[in-house]
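Visitor: Below you'll find the structure I mean.
The values are calculated or read from the model by the stated rules, or taken from the named source; none is laboratory data. Computed from a predicted structure; not experimentally measured. Cβ sites come from the backbone with ideal geometry, for glycine too, and all protein chains shown count toward neighbours. All accessible areas refer to the heavy atoms of the entire protein, side chains included, with ligands and DNA or RNA removed. Shrake-Rupley method; radii C 1.70, N 1.55, O 1.52, S 1.80 Å.
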Amino acid sequence: MRKKLWVALTALVLWAGVASGQDAKTVLQAASKAMGDVKSIQYLGTGHLDQLGQAFSPGTAWPETNVTSYTKTIDYASRSAKEELTRVEPTPPVKGGGRPFAGEDKQVNLVSGQFAWDQPGSAPVPQVAAASERQLQIWLTPHGFLKAAMENNAAAKKGAAGTVVSFTTGKFKVNGTIDAQNLVAKTETWLPNPVLGDTLVETTFSGYEDYNGVKFPSTIVQKQGGFPVFDLKVTSVKANTGLSLSVPDAVKTATIPPVKVVSQKVADGTWFLAGGSHNSILVEYPNYLVMIEAPLNEARSLAVIEEAKKLAPNKPIKYLINTHNHFDHAGGVRTYVAEGATIVTNEINVPFYEKVWNAPRMLDPDMLSKDPKKPAFVPVKEKYVLEDGGRSLEIYHIDGDTHNAGLMMVYLPKEKILVEADDFTPNTPTVPAPSGTRPRIFCSNLYKQVQRLKLDPTTVAPLHGIVVPFSDLKKEAGVA
């Protein structure tokens with residue numbers, strides 16, 4: 001009897017799987033007929049591009065820039081896409097945000113199969129790390145979703161707003177909701193993020209209109225981390241325009257460069273750890289080490305930690321000072337928790353970190369997810385001093401800063417070294433200093449706070465750029 005019941009249950013499960021596959025195919029065919037089966041598509045519009053991970057305060061919306069023109073062309077058969085946009089900062093500029101820019105920022109972002117690159121001018125700039133996400137974004141568009149679902153053995157089930165069709169491409173699971181009008185109303189997937197973990201990417205489509213037999217939404221909104229990263233008011237759609245991309249040789253041969261850490265001794269027991277787009281500062285105490293900043297991701301942090309152990313062997317990193325919660329400066333903080341360090345950060349960041357660090361990290365597991373530890377924090381409000389064995393380090397909240405509400409700077413009084421992030425970026429041969437008025441605003445406030453606190457730095461060790469005399473900061477602030 002049990003054997004017969006088991007066989008019956010097994011047959012029922014197999015039948016349900018087949019039925020689900022058949023239902024998905026039927027739903028997809030109906031949607032393709034309603035929306036129009038296209039080989040390629042091009043859509044234009046205006047809207048906003050929001051800067052993920054650059055919120056003014058933790059847990060608030062990403063700051064937005066205005067997209068004055070936008071064109072995206074997709075060829076589904078060749079798995080290629082070309083995105084062209086022009087964006088400007090709002091007037092007045094919003095609080096928070098990434099690297100400031102003046103005037104118009106023009107971008108041309110491309111992907112073809114496994115290759116991705118930007119074309120800011122005549123020379124292509126390989127974007128190896130961006131290829132998988134740019135490819136995935138093709139299948140998050142309405143017609144792209146239908147094609148990818150048909151190719152990847154999709155399953156279907158009833159949802160609250162329609163039929164939810166699901167499939168997996170590579171390591172990414174993709175869901176899409178098809179409404180009662182057989183239109184793709186929403187797609188969703190998850191991307192790994194060093195701060196947020198497995199992050200929901202939700203794209204909604206509304207206000208479908210007919211363009212010569214092809215239906216396409218008039219409004220597209222994509223959210224990541226709960227807030228919009230992109231919204232577009234579509235003004236024109238052309239079907240089957242085609243897209244022929246030739247992958248440049250420099251892009252075909254490009255690889256992700258290894259993490260490089262270059263140390264520079266700036267005082268006794270103090271090292272400037274550079275070699276990339278972001279820097280860290282190592283400070284040696286008699287029995288332990290203090291690291292200032294854990295930028296980007298775990299790979300960067302592990303390389304910096306390895307360099308620290310060479311420079312000051314047999315001493316643990318007891319404290320990590322995190323200047324602010326912007327993702328490019330906080331992506332490696334969890335690595336130091338895994339190493340046993342206590343995190344010194346502004347008090348407004350602690351609840352944010354405690355919340356987002358509980359998110360699943362299945363797409364890109366890090367050390368802390370593999371061996372969980374409860375993080376230890378030292379919350380800072382306005383000032384905190386680390387003093388031990390004749391060495392002193394002072395941490396100050398930068399009042400009035402418009403880049404980040406919790407931004408902190410570090411001052412070494414004996415060495416007269418100021419460590420700061422984002423408010424002042426000295427020029428380098430490869431990374432020009434930002435232009436326009438926003439950097440002056442940032443830098444002027446930083447200088448004002450240094451004066452208010454009666455600090456006396458002679459050197460700036462920035463977390464972007466190169467070590468320079470404090471007189472350079474004064475000049476940038478318009479003081480000297």
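Visitor: Using the Cα centre as the reference, give the magnitude of the dipole from point charges on the C-beta atoms of the stretch 170-284 (Lys, Arg: +1; Asp, Glu: -1; all else neutral), rounded to the nearest 20 debye.
Guide: Numbers: 10 positive and 10 negative charges, 48 e Å.
The calculation lands at about 240 debye.
Visitor: Here's something else I'd like to know. Compute the Rg to Rh ratio over the stretch 134-280 from the alpha carbon atoms, using the Kirkwood formula for Rh, and round to two decimal places.
Guide: Details: Rg = 21.1 Å, Rh = 18.6 Å.
Value, to two decimals: 1.13.
Visitor: If you don't mind, another one. Based on Cβ point charges of +1 for Lys and Arg and -1 for Asp and Glu, what charge dipole magnitude is obtained for the stretch 80-161 about its Cα centre, in debye rounded to the nearest 20?
Guide: Its charge dipole is roughly 340 debye.
Visitor: Which of the lysines could a cross-linker span from LYS260 if the Cα-Cα distance has to be under 20 Å and same-chain partners fewer than 8 positions apart are dropped?
Guide: Partners found: LYS309, LYS310.
Visitor: So if each residue of separation counts as 0.36 nm, and I subtract the Cα-Cα distance between ASN66 and THR26, what length gain in nm does that give? It would help to have the intermediate numbers written out before the result.
Guide: Values: separation 40, 0.36 × 40 = 14.40 nm, distance 4.02 nm.
Here the answer is 10.4 nm.
Visitor: Return the distance in nm (one decimal) between the two label points of a simple spin-label model at THR219 and LYS370, each offset 7 Å from Cα along Cα→Cβ.
Guide: 4.5
Visitor: Name the shape class, rounded, prolate or oblate, that the alpha-carbon gyration tensor gives for the stretch 80-201, where a ≥ b ≥ c are the square roots of its eigenvalues, rounded holds for a/c under 1.5, and otherwise prolate holds if a/b is larger than b/c and oblate otherwise.
Guide: Values: a/c = 2.11, a/b = 1.65, b/c = 1.28.
Because a/c hits 1.5 or more and a/b exceeds b/c, the stretch 80-201 counts as prolate.
Visitor: Which links in LYS454/LYS475; LYS33/LYS72; LYS373/LYS414; LYS171/LYS252; LYS72/LYS147 stretch past 25 Å when you go from one Cα to the other? Before the final figure, lay out the partial values.
Guide: Values: LYS454/LYS475 18 Å; LYS33/LYS72 23 Å; LYS373/LYS414 35 Å; LYS171/LYS252 23 Å; LYS72/LYS147 18 Å.
From the list (LYS454/LYS475; LYS33/LYS72; LYS373/LYS414; LYS171/LYS252; LYS72/LYS147), the Cα-Cα distance tops 25 Å for LYS373/LYS414.
Visitor: Collect residues whose amide H, placed 1.01 Å from N in the peptide plane, falls under 5 Å from the amide H of THR241; neighbours closer than 5 in sequence don't count.
Guide: Close amide H contacts, sequence-distant or interchain: SER40, ILE41, GLN42.
Visitor: Any idea of the accessible area per residue across the chain, 1.4 Å probe, to the nearest Å²? Walk me through the numbers before you get to the answer.
Guide: Working: 22220 Å² over 480 residues.
Each residue of the chain exposes 46 Å² on average to a 1.4 Å probe.
Visitor: For the pair LYS414/SER78, report the inter-label distance in nm, with labels modelled 7 Å from Cα in the Cβ direction.
Guide: In this crude label model, LYS414 to SER78 measures out at 6.3 nm.
Visitor: Please enumerate, by chain and number, the aspartates and glutamates with C-alpha under 12 Å from the C-alpha of LYS158, excluding those fewer than 8 residues away in the same chain.
Guide: By straight Cα distance, LYS158 reaches ASP23, ASP179.
Visitor: Same structure again: Pull out a ≥ b ≥ c, the square roots of the eigenvalues of the alpha-carbon gyration tensor of the stretch 336-403, then state rounded if a/c is under 1.5, prolate if not and a/b is larger than b/c, and oblate in the remaining case. Numbers along the way, then the final one.
Guide: Details: a/c = 3.05, a/b = 1.55, b/c = 1.96.
Cα axes put the stretch 336-403 in the oblate bin.
Visitor: ³J(HN,Hα) across the stretch 31-40 via Karplus (A = 6.51, B = -1.76, C = 1.60, θ = phi - 60°), whole Hz, x for Gly/Pro?
Guide: 5, 5, 5, 5, 8, x, 8, 10, 8, 8
Visitor: As a check on your grasp of the helix formula, calculate [θ] at 222 nm for the chain: sum -39500 (n - 2.57) over DSSP H runs of n ≥ 4, divide by the residue count, round to the nearest 500. Before the final figure, lay out each step's value.
Guide: Working: 11 runs with 114 residues, N = 480.
Helix-only estimate at 222 nm: -7000 deg cm²/dmol.
Visitor: So what is the relative contact order for the stretch 199-321, in percent, with contacts set as C-alpha pairs under 8 Å and at least six apart?
Guide: Values: 176 pairs, mean separation 16.7, N = 123.
Reported as a whole number, the value is 14 percent.
Visitor: Name the residue from TRP139, THR335, PRO194 whose Cα lies farthest towards the positive end of the charge dipole of the chain, charges +1 on Cβ of Lys and Arg and -1 on Cβ of Asp and Glu.
Guide: TRP139
Visitor: Another one. Once you keep just the Cα pairs under 8 angstrom separated by 6 or more residues, what percentage relative contact order results for the stretch 260-392? Present the calculation step by step, with values, prior to reporting the outcome.
Guide: Working: 230 pairs, mean separation 25.3, N = 133.
Once divided by the residue count of the stretch 260-392, the mean separation gives 19 percent.
Visitor: Length gain on complete extension for the stretch LEU200 to ASN314, per 0.36 nm per residue less the alpha carbon to alpha carbon distance?
Guide: On the way: separation 114, 0.36 × 114 = 41.04 nm, distance 4.12 nm.
Length gained between LEU200 and ASN314: 36.9 nm.
Visitor: How large is ³J(HN,Hα), in whole Hz, for each residue of the stretch 451-457 in order, when computed from phi with the Karplus curve 6.51 cos²θ - 1.76 cosθ + 1.60 and θ = phi - 60°, using x for Gly and Pro?
Guide: 5, 4, 7, 6, 7, 9, x
Visitor: Can you pull the percent of Cα pairs in the chain with separation above 45 Å?
Guide: Working: 24376 of 114960 pairs.
Above the 45 Å cut-off, the chain has 21 percent of its Cα pairs.
Visitor: Continuing with this model, one more query. Estimate the FRET efficiency between GLN451 and ASP210 by the formula 1/(1 + (r/R0)^6), using the beta-carbon distance for r and 56 Å for R0, to the nearest 0.05.
Guide: Working: r = 63 Å, r/R0 = 1.12.
After rounding to 0.05, the efficiency reads 0.35.
Visitor: Kindly report, to the nearest 10 Å², the accessible surface of ASP366 as traced by a 1.4 Å probe over protein heavy atoms only.
Guide: So the heavy atoms of ASP366 present about 20 Å² to solvent.
Visitor: Dipole magnitude of the chain about its Cα centre, charges +1 at Lys/Arg Cβ and -1 at Asp/Glu Cβ only, in debye to the nearest 20?
Guide: Computed about the Cα centre, the dipole is about 1200 debye.
Visitor: Per-residue HN-Hα couplings for the stretch 370-387, Karplus 6.51 cos²θ - 1.76 cosθ + 1.60 at θ = phi - 60°, whole Hz, x for Gly and Pro?
Guide: 7, 9, x, 9, 6, x, 10, 10, 10, x, 10, 9, 10, 8, 8, 10, 9, 10
Visitor: Given a 1.4 angstrom probe, I'd like the percentage of the accessible area of the stretch 251-410 that is carbon and sulfur, rounded to a whole number. Spell out each step's value before the answer.
Guide: Details: 3540 of 6800 Å².
In the stretch 251-410, the share of accessible area belonging to carbon and sulfur is 52 percent.
Visitor: I would also like to ask the following. Can you give me the distance in nm between label points at VAL479 and THR235, each placed 7 Å from the Cα along the Cα-to-Cβ direction?
Guide: Modelled inter-label distance: 4.5 nm.
Visitor: Taking the Cα atoms of the stretch 341-480, report the difference between the largest and smallest coordinate on each principal axis, in whole Å and largest first.
Guide: Computed over the stretch 341-480, the largest-to-smallest principal extents equal 51, 38, 27 Å.
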